[in-house]
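Working notes for the structure below.
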Amino acid sequence: MKRRVFLALSASALAAACTHQPTAPAGGGIGPDGKPLPRVYRIGPGQQAQIEYRMLDAVNALRSAAGAPALSLNAKLNAAAATHARDMSVQNRPWHFGSDGSSPVDRVQRVGYTGRLVGENISETYETELETLSAWMEEEPTRRVLLDSAASDMGFAWYQEDNGKIWWCLVLGATGVAPIPGT
């Protein structure tokens, strides 16, 4: 009797060892929920224009569907976004104020943008620009910035740390509109 129990337990242990276990994708792992862990999105040299225009095209497609006019990339707003993306990394927190206390309005004025700031969206992530845009569209305040019909210009930039973390910054402005008094 003991021998049969031993053989049955041994057989079930052997069968359990042979069952298929999910494997992690190359370079990744499986999270506690059983799903693959996200992969780090590495931005290579020379991809800046591709990423900027991919984001511009995606934002303009969303704006078109909402009845808002298309945006144009603006070099000054790109510079303001790049400065803030780097500064968020230095501060190690995604927020709208610079380490020097600057606001988004201050940053667009510093780069010489003469229009009005419409809004700024920021993110700290390991995801692509389009995944980040999708997350912004899911939240009402950031979606409102993206679809604001007053906007005419877009600045978009990022800073990627060595560990793969990306600090995204998107700034929208309106040319031909006077800045808000007192800003």
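Globularity index of the stretch 24-85 is 1.61 (Cα radius of gyration / 2.2 N^0.38 Å, N = number of residues).
Sorted largest first by accessible area at a 1.4 angstrom probe radius, with every protein chain in place, the residues Leu130, Leu71 fall in the order Leu130, Leu71.
For the stretch 79-142, the alpha-carbon coordinates run over 30, 26, 17 Å along the three principal axes, in decreasing order.
Let me know the whole percent of all Cα-Cα pairs from the stretch 53-183 that are separated by more than 23 Å. The calculated P(r) of the stretch 53-183 puts 26 percent of pairs beyond 23 Å.
The values are calculated or read from the model by the stated rules, or taken from the named source; none is laboratory data. Keep in mind that what you see is a predicted model, and the values were worked out from it rather than measured. Protein only, heavy atoms only, side chains kept; ligands, DNA and RNA dropped before computing areas. Shrake-Rupley method; radii C 1.70, N 1.55, O 1.52, S 1.80 Å.
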